[in-house]
1. Suppose the filter is surrounded by 20 or more Cβ atoms within 10 Å (Cβ to Cβ), within 30 Å of residue A:256 (Cβ to Cβ) and modelled with pLDDT under 85; does residue A:45 pass it?
2. If the requirement is being within 25 Å of the chain's Cα centre (by Cα) and under 22 Å from residue A:672 (Cβ atoms), which of these qualifies: A:268, A:231, A:188?
3. Any chance segment A:533-540 includes a residue that's within 9 Å of chain B (Cβ to nearest Cβ), over 24 Å from residue A:137 (Cβ atoms) and surrounded by 22 or more Cβ atoms within 10 Å (Cβ to Cβ)?
4. Spot the failing condition for residue A:507; the list is (1) surrounded by fewer than 23 Cβ atoms within 10 Å (Cβ to Cβ); (2) over 30 Å from residue A:47 (Cβ atoms); (3) within 12 Å of chain B (Cβ to nearest Cβ); (4) touching a residue at least 12 places away in the same chain (Cβ under 8 Å), and only one is missed.
5. Any idea which of (1) within 14 Å of chain B (Cβ to nearest Cβ); (2) touching a strand residue (DSSP E or B) at 6+ places or on another chain (Cβ under 9 Å); (3) part of a helix (DSSP H, G or I) is the one residue A:456 doesn't satisfy?
6. Name every residue in segment B:68-103 that is in a loop (DSSP other than H, G, I, E, B), more than 10 Å from chain A (Cβ to nearest Cβ) and touching a strand residue (DSSP E or B) at 6+ places or on another chain (Cβ under 9 Å), in order of residue number.
7. When you check residue A:485 against the structure, is it in contact with a strand residue (DSSP E or B) (Cβ under 7 Å, 6 or more places away or on another chain), closer than 21 Å to residue A:587 by Cβ, touching a residue at least 12 places away in the same chain (Cβ under 8 Å) and assigned to a helix (DSSP H, G or I), yes or no?
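The values are calculated or read from the model by the stated rules, or taken from the named source; none is laboratory data. Just so it is clear, the model here is predicted, and its values are computed rather than measured. Positions of Cβ are generated from backbone atoms using ideal geometry, with glycine treated the same way; all protein chains shown enter the neighbour counts.
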């Protein structure tokens, strides 16, 4: 910084400290107001927030979800340990859950399907012609004879036997759709689990999966999440206390974190946003930034006191003045990187991005202003709070850093860095978009939800659905043999993919009806010969049923229909392969009278999310890097600076991506914000070190000495924050939510690499390459500092 | 390091300057370009469909030798096994119609028949299937089964379709006038032949199929299959468990009391006993005299419908809702 700017900043802080009571009061008042607002922020998951805006699949899902089944489906499996399900006690449970689901909040009462519902019916020929009637509604079978009839009806119907009753007859499925409008996941979850618990036992096992249940579990663990959050904060305090051994070193960083959090949450309320429990780790990450800024200021303050600053206020001003530039740079660069996430057109990411940006900017007040102001209240030279002194350990580490830079070891470090960068950069390409494992990546593989999911997928065709709309060009298109045959061929084509457990459409139903009409001769289990015959068959199936029963397959005009595909998992790769295959099929087998529209249901929506993230990840990373480069270039008026600061970021990126690829953590809607935030985060420590070096050079032109000194002052701040944060972030690994544990670990890794590169790699690079923006050049030499700074 | 370059003079320094000033611009440009124009391309896994897919129904199966078997079914699917049913491979047929019948002369020559009058033949073991010349009329021309007797192929179908081919499936001619009655199965022993179909009809010929006479029967239930173990003794099966037995070459038929209400769709004499298969996995068997009939299942727990059973050595192939191989009482479903 130019001396002129220095004095302006100094003057500003001096003024602030002179009016410190007013400053504190103003901030306190604002915090109180924000606190009131923040206490009203809702913590919940809104499914529609996950859906990309303006994506064609999402448009199809929104248009057709009420008829063909949306993405909020719950599947409940009732499995017997012995024998088969055809026992009165078991069927009674099926009926009880089916009826009980009607009462659950936000359930779509027209989309509850089980063998005990009115929806599952059979078509049979009788003396009065052909009739279609529910197989087990409203009454359960009475006596063995009726039970045998039911069993036969199930076995004889491929629409039931397979999709709703397992091939070994040991399990049956109940599915229910939920309206996504204002579903309260916790409430629905409680009610569903109540039904499940009631039915479980007596030789019957009940399994339940589906997005509403998944989010129910997430909410269920909310208390634990909050506990971990506070435990992490507590551990922060303890470690800070341990290392700094002073009250101001402990309380002020915490204060910075708390003020920032309150302001951010209050702002979220003002913007009308809510907080998703899954991104609480992101909140912690930003809090960590606030704390880190504050710790730097305090560490510098302590140095000033140690070097003989006369008053606390003078030391505070000196600290603020000297760290103003790297702190501002860190805040602006971080905020820019987080703001870039908003470009990904998913409402949840946009909201996180806006909240995060406000949060980071609030650090300006909570740490940059409040920490020096508050520091001025403390008396200098107070004794230590406890006798345990860790400082020698820190000094040893920092001396080791200096040792690396000043000896030939620096070349070794640089060489290793180069190799690690290349190898991890290559391996990072294995990073997958979308979920990388079966089951839900949010929960641990051994969680009861994921166990249930794997049990259901073992017995049935798959619990995750995607529907592809067959949109006829005019009414009656779905009765045309050409269209129906194309649908049947399409299903066959899609089922070749092993993860597709099965599929269902109108093209499966009509042959069953036709077979019944033809004396039950399976050689006639085919589509009708012409539109007229197909129309008759449809009529046979619909007659006697409620209006809307057919909607699952086709609308009343036979204009739009759906092919529903059942997936055994929703891994990114499974979904991408399926979507590509749909497109391949449509391209190779065009039909005149209808179009295939992708895609609805959970898998359809996830396909859209994954596509957006796949397209957006390069954009997000490239633009975040660009923000960083531009910030640094402008700040240091040097393009070389931009490139220089990319080094630690690229390194932490490639290593973290490699770690994600190695651990099977996919790049998805939950991990993307952490990744983008990490780009800003990865560079902050380097800012402090580099600025420290530059500042030393103001006083002394010896580069080596400047590096060593910077490492011992700014380096200590980096070390303290890194140690504190890595330890407390580690607490997240105890979370029952795998996502949070993974993210915690990821962040810890990120912090470690950033700290490591700031302490070992970057100083070595400065030493070896002597970039002009740090060490100066003949054309633009480093401005010498004026003698002793003005003291207030 | 850079200061060491001074030794090389101003030229080197200029070069370094050029690099350090252009590299950042190149990187920023690259990032801008990547941010706005580079879109990640997903790598898509290739999926190879299996020879036998879950969705497949097989309406017919034939075994020209002990190791070779052929099956035909939905969507123009033809599969063949050369190792006694252990592995199957798909053969490409130029049709998407459901194929209802398959028959083979030998390992090289075979014929399939199906919906809309589709008949395909092969002369190279199935490497290529070609369309035969088939007379068609304005009804759906649905053909059910095709059988070969003394080198002559016979196909039966809806609306009284009875077609024959003497050139291994290349050309076909009508052997009977059409009428509104479906023929479901045919069997020949020398010049004697029997034809069964809708409404419980049985027709008989004694001149190799030139003229046919109808038997007067009480049974009005559609008959689905017919087979003879010699010139005199034969059995016909039909819907809702119908079983008819003759011991006078088809002149008269007596009804066996029904053992099941399930449809029986095929009957075969396997040199030891009579075997009939049908809906929901039922299997009805009897001794040679066709007097002691027993109801059983193809395999316990298997409830698939079966349209045909074919024997090869001590192994049976069953077609239907799926394709199965029955060996030593153990049923293996192909593709599961």
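1. yes
2. A:268
3. no
4. Single failed check for residue A:507: (1).
5. Status for residue A:456: all satisfied but (1).
6. Hits for segment B:68-103 are B:68, B:82, B:84, B:85, B:86, B:87, B:88, B:92, B:93, B:94, B:95.
7. For residue A:485, the condition - in contact with a strand residue (DSSP E or B) (Cβ under 7 Å, 6 or more places away or on another chain), closer than 21 Å to residue A:587 by Cβ, touching a residue at least 12 places away in the same chain (Cβ under 8 Å) and assigned to a helix (DSSP H, G or I) - is not met.
One line per residue, one yes/no per condition, for (1) more than 26 Å from residue A:461 (Cβ to Cβ); (2) surrounded by 24 or more Cβ atoms within 10 Å (Cβ to Cβ); (3) in contact (Cβ under 8 Å) with a residue 24 or more places away in the chain:
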{"position": "A:578", "(1), (2), (3)": "no, yes, yes"}
{"position": "A:592", "(1), (2), (3)": "yes, no, yes"}
{"position": "A:601", "(1), (2), (3)": "no, yes, yes"}
{"position": "A:617", "(1), (2), (3)": "yes, no, yes"}
{"position": "A:624", "(1), (2), (3)": "yes, yes, yes"}
